[in-house]
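The values are calculated or read from the model by the stated rules, or taken from the named source; none is laboratory data. As the structure is a prediction and not an experimental result, all values here were calculated from the model. Counting neighbours? That spans all protein chains shown, and the Cβs are built from the backbone with ideal geometry, glycine included. What goes into the accessible areas is simple: the full protein's heavy atoms, side chains included, and nothing from ligands, DNA or RNA. Shrake-Rupley method; radii C 1.70, N 1.55, O 1.52, S 1.80 Å.
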Amino acid sequence: MKLGCCYYPEHWPEHMWADDARRMAEMGLSLVRIGEFAWSRIEPEQGRFDWDWLDRAVDVLHRAGLQIIMGTPTATPPKWLVDQMPDMVAIDQEGRPRGFGSRRHYCFSHEGYRAQSRRITSAIAQRFGDHPAVVSWQTDNEYGCHDTVLSFSSAAAARFRKWLEARYETPQALNAAWGNVFWSMEYLSFDEVDPPHLTVTEANPAHWLDYRRFASDEVASFNREQVDILRKHSPGRDITHNFMGFFTEFDHHALGRDLDVATWDSYPLGFLEQFWFGEDDKRDYLRQGHPDIAAFHHDLYRGCSAGRWGVMEQQPGPVNWARYNPAPLPGMIALWTLEAFAHGAEFTSYFRWRQAPFAQEQMHAGLLRPDSGEAEAADEVRGAAARIAEVGPQQTVRAPAALVFSYEAAWVCGIQPQGQSFRYLELAFEWYSALRKLGIDVDIVSPDAPLHDYSMVLVPTLPVVPEGFAERLQALDCPVLIGPRSGSKTPNFAVPSNLAPGPLRMILPLMVARVESLRSGITEEGDGFGVTRWLEQVNADCGAEYTLKDGRGVVFHNDNYRYLAGWPDRALLTDLISQMAAEADVKTRLLPKGLRIRRTATHLFAFNYSASPVRFDLTGETIGAASVSITPLGS
């Protein structure tokens, strides 16, 4: 695995560049990402390009032996362009423009901005496409950051109407699919359809689901335009995009099909603070991050581009954007780096080389302080580079467990949660974390991924079952666990005529008669376990494997298939996964708090996320048929 950093030569006097490049190489870095926010310096006025500074920066880095990931600068369109096309900015759900003065101030659907994106991408690709230092391209930057996937502009409305016409062909077909007879919501033409916002009360959920599908397609097609240009002018170089953490606003599997390498931006402390984690986790993992945050995304994005992935931005110290921004414990930057290595990353790049002393991110740490002195992370990077060289190249292997992850499922649960605490991402993460606590490696896969080579398959929830998915599950002979709400909606966001689990009834002879959501603090008790947040009343022709104390079934078992009719507590989920693993002959070990393990073809890695040492006997562990020596990594 290579190491790198994000560098902004336009931020620093030119006399500093050569020394920066030398120090990068001496630190063990070999990759540098540049250019993704530099449009105003590349093209100060429309049609007047200033390439000289960027040519020199590329040459300086090249002479130091560094390879370059060049970014297309479309995440930060310059002021002259916004003034030229003021309607290019996105419009938020309240009808307000997302204006100039920060970044991501464009609408994916604006035809004029798409033309400008193609133009600047072509210009930079032609300039650097065959430069020997440029080994990879990054399209744009963090699609959707700052809630910018959904735009409610006139440009988005116009392209949405065309999208609907291509999907439904006639307004009558659209009315029937959406159930628009309800509340007299019928349309006579596609031109009458607006985006689903600024309605008196909630808009039709089918309308919302199609708008989310459309918006996701817009992101993918915008990206594809850049990819096509880069492949034309810079053949043979990898193309990537840097995805984000806990972000489901567009389908990353669909966009990833156009990439060579999926990358993501890893900020474990910021994500712990910003998302749903409880106060105990935020206290216990304050300076480490939850032990499954980074690994969850490593495994998710490994499944987005045929197994090739990397970390484009790795947190090197305190960030600037969370509610609270603690510093990592000593050793955590090295641990995060080596964990990416163990999960198969091709590279890890730190954000950023030097902390900026100005503008919005001046409180965001880098490998260097603003005065160019080394920050705490620098020595850890050197140590990680040495450890990677010592351990040697790693090869990932198929995990025993597949966890099926669906972006559309996240949209459905978000559009109609039915309970305030039913969060798709949290449910998927809890199932993933339960597997990892038992020492089971996980591949996170899309619903259309092959499943036949896995020993266990888990589907946290899949409200809309894709065509053919039930049949592919039916062909499996391994244990399969399917979670609540699965099969509860048709592709048009209606209740199936045969009720939930809809198409999955071919493997699950049961029917969901009623659902209820439970407020925080309410637990329906079983014998040593509980169900919270969501509970379904099920009429089943198969046996109830787990029942609540009042006799209601909550887990139903038919052959190798199980249906979990509620939001499980940790005890129930752990017990279910343990049973499945035993049936599949998958070895489990209940790990101490904070400890996680990961296996490659030749090594077993142990990572300690606790704030103090952990003692646990891992002797006797094997990789395949061979016993291994184990090197612990962590606090």
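For R103, R369, R96, what's the largest-to-smallest order of accessible area, 1.4 Å probe? Don't skip to the end; give the middle numbers.
Working: R103 60, R369 105, R96 135 Å².
So, going from the largest accessible area down, we get R96, R369, R103.
Using only Cα atoms, locate the centre of region 454-505 and the centre of region 307-340, then give the distance between them in Å, rounded to an integer.
Measuring centre to centre over Cα atoms gives 36 Å.
If you rank H452, H364 by how much accessible surface each has, with a 1.4 Å probe, what is the order from largest down?
Values: H452 130, H364 5 Å².
Sorted by accessible area, descending: H452, H364.
Roll a 1.4 Å probe over the protein heavy atoms and report the accessible area of Y324 in Å², nearest 10.
Its accessible surface works out to 150 Å², give or take rounding.
Give me log10 I(q)/I(0) at q = 0.16, 0.19 Å⁻¹ for region 27-170, Debye formula, one equal scatterer per alpha-carbon, no solvent.
Debye output, listed in q order: -0.88, -1.10.
Going by accessible area, probe 1.4 Å, with all protein chains left in place, what is the ranking of D585, D280, largest first?
Values: D585 140, D280 95 Å².
Putting D585, D280 in descending order of accessible area: D585, D280.
Inverting the mean 1/r over all pairs of different Cα atoms, compute the Kirkwood radius of region 405-453 and quote it in Å. Numbers along the way, then the final one.
Numbers: mean 1/r = 0.0816 Å⁻¹.
That comes to 12.3 Å for region 405-453.
Taking the Cα centre of region 139-270 as the origin and placing charges on Cβ (Lys, Arg +1; Asp, Glu -1), which of A173, Q226, H197 is farthest toward the positive end of the dipole?
Q226
For region 361-492, what is the Kirkwood hydrodynamic radius in Å, using each pair of distinct C-alpha atoms?
On the way: mean 1/r = 0.0556 Å⁻¹.
So the Kirkwood estimate lands at 18.0 Å.
Looking only at the chain, where both bridge partners belong to it, what percent of the DSSP beta bridges are antiparallel (to the nearest 5)? Can you show the working numbers first?
Numbers: 32 of 80 bridges.
Bridges in the chain are about 40 percent antiparallel.
If you wrap a convex hull around the C-alpha atoms of region 232-329 and split its volume per residue, what is the figure in Å³? Could you put the intermediate results ahead of the total?
Working: hull volume 11.3 nm³, N = 98.
In region 232-329, the Cα hull volume divided by residue count equals 116 Å³.
Eigenvalues of the Cα gyration tensor times 5, then square-rooted: what semi-axes does that give for region 304-395, in whole angstrom, largest first? Intermediate results must be reported in sequence, preceding the final value.
Working: eigenvalues 125, 48, 26 Å².
Here the semi-axes work out to 25, 16, 11 Å.
Step by step: find N for region 261-415, compute 2.2 N^0.38 Å, then divide the Cα radius of gyration by it. What's the final number? Please list the in-between numbers first.
Values: Rg = 16.3 Å, N = 155, 2.2 N^0.38 = 15.0 Å.
My calculation over the Cα atoms of region 261-415 gives 1.09.
Let me cross-check M16: its accessible surface, 1.4 Å probe, with only protein heavy atoms counted, in Å² to the nearest 10?
In the full protein context, M16 sits at about 40 Å².
Please give the solvent-accessible surface of M88 in Å², to the nearest 10, using a probe radius of 1.4 Å with every protein chain present.
0 Å²
Counting pairs of alpha carbon atoms under 8 Å apart in space and at least six apart in sequence, what relative contact order in percent does region 149-194 give? Mind showing how you got there, number by number?
Numbers: 25 pairs, mean separation 19.2, N = 46.
Taking the mean separation of contacting Cα pairs over the length of region 149-194, I get 42 percent.
Dipole size in debye (nearest 20) for region 409-537 around its Cα centre, Lys and Arg Cβ +1, Asp and Glu Cβ -1? All intermediate terms of the calculation are to be shown ahead of the outcome.
Numbers: 10 positive and 14 negative charges, 82 e Å.
It comes to approximately 400 debye.
Would you mind checking K232/K489; K162/K489; K282/K549; K2/K79; K282/K489 for any pair whose Cα atoms are more than 30 angstrom apart?
Values: K232/K489 42 Å; K162/K489 25 Å; K282/K549 33 Å; K2/K79 36 Å; K282/K489 35 Å.
In this structure, K232/K489; K282/K549; K2/K79; K282/K489 lie more than 30 Å apart at Cα.
Compute the accessible area per residue over the chain, keeping the other protein chains in place, probe 1.4 Å, unit Å².
Details: 24710 Å² over 635 residues.
Each residue of the chain exposes 39 Å² on average to a 1.4 Å probe.
Which FRET efficiency value, to the nearest 0.05, is calculated for R167 and D617 with the Förster distance at 41 angstrom and r the Cβ-Cβ distance? Don't skip to the answer; put the middle values down first.
On the way: r = 57 Å, r/R0 = 1.40.
That gives a FRET efficiency of 0.10.
Which value in Å does the Kirkwood hydrodynamic radius of region 231-280 take, with 1/r averaged over all unlike C-alpha pairs and then inverted? Provide the component values of the computation, followed by the final result.
Working: mean 1/r = 0.0759 Å⁻¹.
Result for region 231-280, one decimal place: 13.2 Å.
Name the residue farthest towards the positive end of the dipole of region 1-135 from the options A90, Y7, G35, assuming +1 on Cβ of Lys and Arg, -1 on Cβ of Asp and Glu, about the Cα centre.
Ranked along the dipole, the leading option is A90.
In µm²/s, what is D for region 156-308 at 4 °C and 1.567 mPa s, where D = kT/(6 pi eta Rh) by Stokes-Einstein and Rh is the Kirkwood radius from Cα pairs? Mind dumping the intermediate values first?
Details: Rh = 18.5 Å.
D, rounded to a whole number, is 70 µm²/s.
Less than 24 Å apart at the alpha-carbon level, and either on another chain or at least 8 residues along: which lysines does that give for K587?
Filter leaves K437.
Note down the Stokes-Einstein diffusion coefficient of region 169-236 in µm²/s, whole number, using a Kirkwood radius over alpha carbon pairs, 4 °C, and 1.567 mPa s. Could you put the intermediate results ahead of the total?
Details: Rh = 14.3 Å.
Estimated via Stokes-Einstein, D reaches 90 µm²/s.
R0 = 45 Å: FRET efficiency of W80 with D527, Cβ-based, nearest 0.05? It would help to have the intermediate numbers written out before the result.
On the way: r = 69 Å, r/R0 = 1.53.
My answer for the efficiency is 0.05.
When we measure straight from the Cα of K593, which aspartates and glutamates land under 18 angstrom away, once same-chain ones fewer than 8 places off are left out?
E279, D280, D281, D284, D292, E339, E430, D441, D569, D575, D617
Please report, in debye to the nearest 20, how large the charge dipole of region 420-470 is about its Cα centre when each Lys and Arg carries +1 at its beta carbon and each Asp and Glu carries -1 there.
Numbers: 3 positive and 7 negative charges, 51 e Å.
Using Cβ point charges on Lys, Arg, Asp and Glu, region 420-470 gives about 240 debye.
What percent of all Cα-Cα pairs in region 99-205 falls into each 10 Å bin, going from 0 up to the bin containing the maximum distance?
Calculated P(r), rounded to whole percents: 12, 31, 27, 18, 9, 3, 0.
How long are the semi-axes of the equivalent ellipsoid of region 1-88, defined as square roots of 5 times the Cα gyration tensor eigenvalues? Whole Å, largest first. Don't skip to the answer; put the middle values down first.
On the way: eigenvalues 160, 37, 17 Å².
The three semi-axes for region 1-88 are 28, 14, 9 Å.
Helix-only mean residue ellipticity at 222 nm, the chain, DSSP H runs n ≥ 4 weighted -39,500 (n - 2.57), per residue, nearest 500. What is it?
On the way: 18 runs with 201 residues, N = 635.
Taking each H run of at least 4 residues, the total per residue is -9500 deg cm²/dmol.
Separation of region 507-524 and region 97-141 by C-alpha centroid, Å?
Result: 47 Å between the Cα centres.
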